[in-house]
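**Q** Structure below; questions to follow.
The values are calculated or read from the model by the stated rules, or taken from the named source; none is laboratory data. Fair warning: this is a prediction, and the values are worked out from it, not measured in the lab. Virtual Cβ from ideal backbone geometry, glycine too; neighbours counted across all protein chains shown. Heads up: the accessible areas ignore ligands, DNA and RNA and are worked out on the full protein's heavy atoms, side chains in. Shrake-Rupley method; radii C 1.70, N 1.55, O 1.52, S 1.80 Å.
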Amino acid sequence: MSVLTGAKPRRNPKNFPLHRTLPGFLKDPLRELERISAVAGGGVPRLDLGIVKPLLVTRPDHLQAVLRNTDTYARDGIFWRPLNDLMGDGILGEGGESWAVSRKVLQPVFTLRNVRSLTGRLAETINAAVDELEPAARSGRPVAAGAEMTRIVNRTVVQIFFGGKIGPAETARLAPAFEAVIAALAFRVLLPFLPDRLAPRGRSYREGVRTIDDVMFGLVERYRDDPGDGLDIFTALCRARTEPGSGLTDKWVRDNLVGMYSAGTETTATALSWLWPLLCAHPEVAARLYEEIDRVVGRDRVGPEHLEGLAYTRQVVQELLRLYPVGWQFPRMAVRDTTLDGFSVKAGQTLLISPYLTHRLASVWERPAEFDPDRFAPEHTAGRHRYAYFPFGGGPHQCVGNHLFQIEAQLIAASVLSRFRPEPAGPVPSRPAMGRTLRPEHELRMRLVPIEERA
Ligand code: HEM
């Protein structure tokens with residue numbers, strides 16, 4: 001239990017009535033939230049968003065108290081409910097026994113040791129996907145940065161999730177089905193209080209779910225009784241399902257596959273889609289990054305042996321997730337009356353938690369709006385509060401894909417940049433668009449110039 005709980009009652013700052021904030025929210029909701037969190041100065045203000053009135057929690061010590069205390073602050077509430085019927089009862093469920101069993105089965109798949117042992121195969125998959133950029137690069141044809149990241153990430157995810165157990169036809173059905181479902185849910189996740197009849201999910205959502213179920217249940221049916229001994233997620237889930245007396249069902253395997261796919265694909269691809277606009281806008285960072293990749297990878301194909309030398313690449317990715325933490329908000333709901341650092345919190349109240357806001361607080365970060373990967377150099381990270389930087393959340397629900405993402409990101413950046421240099425072929429996005437994840441406001445079209453053509 002945190003020392004911040006149960007202290008003397010304090011008044012929640014209340015100077016954010018809707019009539020004052022609405023113009024700002026209509027113009028640029030993220031900027032308005034940033035403004036409010038700066039003005040609140042570490043208090044816990046109640047935001048008036050019309051139908052919902054969440055508390056805004058931004059201070060690192062407050063975040064620690066909330067995220068670690070799942071008995072008082074559950075991952076439940078109006079913002080999560082639109083996802084429940086898609087995610088079912090697995091790792092992305094509300095918590096409780098089924099979440100705990102899922103976490104116990106899945107977490108070991110993602111230990112640093114396990115992910116490292118998969119790095120060789122991951123690198124091969126990534127290099128092969130990057131090879132496909134060659135024709136566009138040779139002909140000078142621009143590519144869409146975000147779409148290419150999605151393509152490359154989808155290939156790697158299939159490898160980590162299913163080992164060799166899924167065929168190309170099934171893979172080709174899954175990716176667009178997930179895209180359709182996630183696109184249909186985006187609006188609903190931002191405006192969860194709208195009744196279904198005003199924001200129906202529509203045919204593309206229903207068809208997407210049908211395709212996903214079809215593929216997932218088909219795979220479970222095929223492998224359930226003989227899962228083999230792969231290190232992938234699917235095999236781990238099937239093995240747990242078939243253990244005598246497990247009580248787990250095919251639906252549990254499906255729910256976890258859907259949860260993992262949703263949590264691991266769009267986040268990773270969106271995060272990496274920020275790399276290219278940031279490099280175009282910061283030539284000094286780009287030059288250091290290219291120097292490191294040229295020195296460490298050179299003309300080789302990137303592999304596990306290069307990761308350790310790619311320290312600056314890692315810092316660039318960490319800083320990218322500070323400015324654009326793609327999982328930009330993940331609310332909690334108080335399950336009982338309590339206080340947070342003396343501020344009153346009522347049972348049923350939503351707490352808005354946003355790494356985007358905390359990562360941009362001037363009280364926490366120097367020059368918060370500046371892109372500066374040196375913040376993550378080892379000599380600068382000591383003494384930083386654990387929750388000053390939390391793009392992967394924290395506490396019992398902390399992201400299980402953290403290590404996988406870091407390795408995937410280093411490999412993808414190094415694989416592309418050891419062969420090509422990006423040059424913008426259109427406007428460079430600089431603002432995020434608010435959605436389920438935090439994407440660049442528009443696609444970056446870029447040319448990938450083969451390195452030898454520049455020499
Ligand atoms: C840039 C990449 C990623 C970001 C920014 C990210 C962010 C997050 C955040 C903020 C949470 C906490 C949610 C909460 O507390 O309510 C989370 C949870 C989760 N993430 Fe990630 N994630 C990323 C990549 C991945 C990948 C690659 C996977 C899987 C392979 C993954 C699987 C999960 C799962 C399963 C959870 C739920 C854990 C639980 O509730 O026990 N994520 N992620």
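**Q** Using a 1.4 Å probe over the heavy atoms of the protein chains, calculate the carbon and sulfur portion of the accessible area of region 226-269 as a whole percent.
**A** Percent of accessible area from carbon and sulfur atoms in region 226-269: 53.
**Q** Can you give me the accessible area per residue for region 18-454, using a 1.4 Å probe, in Å²? Before the final figure, lay out each step's value.
**A** On the way: 18020 Å² over 437 residues.
With all protein chains present, region 18-454 gives 41 Å² per residue.
**Q** Further question on the same structure: What does the convex hull of the alpha-carbon atoms of the chain project to on average, in nm²?
**A** If I average the Cα hull's projected area over directions, I get 22.4 nm².
**Q** With every protein chain left in place and a probe of 1.4 Å, what is the accessible surface of ASP229, to the nearest 10 Å²?
**A** About 130 Å², rounded to the nearest 10.
**Q** Still on this structure: Karplus couplings for region 126-134 from phi (6.51 cos²θ - 1.76 cosθ + 1.60, θ = phi - 60°), rounded to Hz, Gly and Pro as x?
**A** Using θ = phi - 60°, the values come out as 5, 4, 5, 5, 6, 3, 5, 7, 4 Hz.
**Q** Okay, next question. For every helix of n ≥ 4 consecutive DSSP H residues, a contribution of -39,500 (n - 2.57) applies; sum these over the chain, divide by its total residues, and give [θ] at 222 nm rounded to the nearest 500 deg cm²/dmol. Spell out each step's value before the answer.
**A** On the way: 21 runs with 231 residues, N = 455.
The per-residue figure over the chain is -15500 deg cm²/dmol.
**Q** Can you list the residues, at least 5 places off or on another chain, whose amide H is less than 5 Å from the amide H of GLY342, using H built in the peptide plane?
**A** The list, which skips near neighbours in sequence, is GLY6, ALA7.
**Q** With +1 on each Lys and Arg Cβ and -1 on each Asp and Glu Cβ, how big is the dipole of region 333-383 about its Cα centre, in debye rounded to the nearest 20? Numbers along the way, then the final one.
**A** Working: 5 positive and 7 negative charges, 68 e Å.
The dipole of region 333-383 has a size of about 320 debye.
**Q** From the residues VAL39, LEU185, ALA414, which one has its Cα farthest along the dipole of the chain in the positive direction, the dipole being from +1 and -1 charges on Cβ of Lys/Arg and Asp/Glu about the Cα centre?
**A** Checking the options against the dipole of the chain, the answer is VAL39.
**Q** May I ask you to rank LYS346, LYS27 by accessible area, largest first, using a 1.4 Å probe over the protein chains only?
**A** Ranked from most to least accessible, the order is LYS27, LYS346.
**Q** Just want the answer: with Cβ charges of +1 for Lys and Arg and -1 for Asp and Glu, which residue in VAL449, GLN318, GLY140 is farthest toward the dipole's positive end in the chain?
**A** Result: GLN318, furthest along the dipole toward the positive end.
**Q** Now for a separate question. Treating only the Cβ of Lys, Arg, Asp and Glu as charged (+1, +1, -1, -1), what charge dipole size does region 18-454 show about its Cα centre? Round to the nearest 20 debye.
**A** 900 debye
**Q** For Cα pairs less than 8 Å apart in space and 6+ apart in sequence, what is the mean separation divided by the residue count of the chain, i.e. the relative contact order in percent?
**A** Computed value for the chain: 26 percent relative contact order.
**Q** Now, a different point. Considering only TRP276, THR338, VAL253, whose Cα is most displaced toward the positive end of the charge dipole of region 241-339, charges sitting on Cβ of Lys, Arg (+1) and Asp, Glu (-1)?
**A** Projecting each Cα onto the dipole axis, the largest value belongs to THR338.
**Q** Which of the GluC sites (Glu not before Pro) found in region 60-148 are in a DSSP loop and have at most 15 neighbouring Cβ atoms, other than their own, within 10 Å? Numbers along the way, then the final one.
**A** On the way: sites: GLU94, GLU97, GLU124, GLU132, GLU148; in loops: GLU94, GLU132.
Of the GluC sites (Glu not before Pro), the ones in loops of region 60-148 whose Cβ has at most 15 other Cβ atoms within 10 Å are GLU132.
**Q** Also, I was wondering about something else. Per residue of region 269-286, what does 6.51 cos²θ - 1.76 cosθ + 1.60 with θ = phi - 60° give for ³J(HN,Hα)? Whole Hz please, x for Gly and Pro, Karplus curve as stated.
**A** Taking θ as phi minus 60°, the curve returns 5, 5, 4, 6, 5, 6, 4, 6, x, 5, 5, 5, 8, 10, x, 5, 5, 4 Hz for region 269-286.
**Q** Cα-based count: Lys pairs in the chain below 27 Å, eight or more positions apart or different chains?
**A** Lysine pair count for the chain: 10.
**Q** ³J(HN,Hα) across region 373-385 via Karplus (A = 6.51, B = -1.76, C = 1.60, θ = phi - 60°), whole Hz, x for Gly/Pro?
**A** x, 5, 4, 9, 5, x, 5, 9, 8, 4, x, 6, 4
**Q** Distance from the Cα centre of region 210-224 to that of region 413-455, in angstrom?
**A** For region 210-224 versus region 413-455, the Cα centre distance is 36 Å.
**Q** SER139 versus ASP61, label points 7 Å from Cα toward the beta carbon: distance in nm?
**A** Between SER139 and ASP61, the simple spin-label model gives 6.1 nm.
**Q** Let me ask something additional. Calculate the spin-label point distance for ALA38 paired with ALA362, positioning each point 7 Å from the Cα along the beta-carbon direction, and give it in nanometres.
**A** Spacing of the two 7 Å Cα→Cβ label points: 0.6 nm.
**Q** Where the only charges are on Cβ atoms (+1 Lys, Arg; -1 Asp, Glu), what is the dipole of region 304-455 about its Cα centre, to the nearest 20 debye?
**A** Values: 18 positive and 16 negative charges, 109 e Å.
Magnitude of the dipole: close to 520 debye.
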